[in-house]
């Protein structure tokens with residue numbers, strides 16, 4: 001059986017809850033990613049996730065309320081814990097890859113966080129499945 005552990009991305013870029021939103025936005029831009037898990041500073045457990053969507057929502061709210069000129073200042077004053085999603089969908093690394101694929105299709109996930117023993121071990125995104133599909137097509 002192939003598991004999600006075979007295709008997940010490891011060494012996931014992450015944040016802690018006191019990191020500021022500006023740092024999260026710059027990290028997403030620099031690494032060209034759309035999801036950054038937020039981990040506990042004490043024990044590394046998953047607390048939430050900052051998504052491109054949550055950053056955009058925050059930016060729209062700040063710009064609407066304070067204007068574009070205040071965006072960076074407000075982002076630097078806001079901890080990621082204030083805008084992160086805490087309702088993260090997770091699976092274990094030994095989960096059958098077919099089940100994960102079905103969940104992506106049925107629930108229209110754009111990412112899933114891979115957690116073993118309450119620790120983040122990886123991430124898989126819809127882009128990873130496109131890459132896998134392309135690899136399989138090119139090698140058949």
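The values are calculated or read from the model by the stated rules, or taken from the named source; none is laboratory data. All figures in this text were calculated on a predicted structure; none of them were measured in a lab. Neighbour counts run over all protein chains shown; Cβ positions are idealised from the backbone, glycine included.
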* Taking only region 87-130 into account, find how many residues are in a loop (DSSP other than H, G, I, E, B), closer than 15 Å to residue 45 by Cβ and at pLDDT below 95. => 3
* **Per-region count, region 65-81, residues under 27 Å from residue 40 (Cα atoms) and more than 16 Å from the chain's Cα centre (by Cα)** => 9
* Please state which of the following conditions residue 22 fails to meet, knowing it meets all the rest: (1) within 23 Å of residue 8 (Cα to Cα); (2) in contact (Cβ under 8 Å) with a residue 40 or more places away in the chain. => (1)
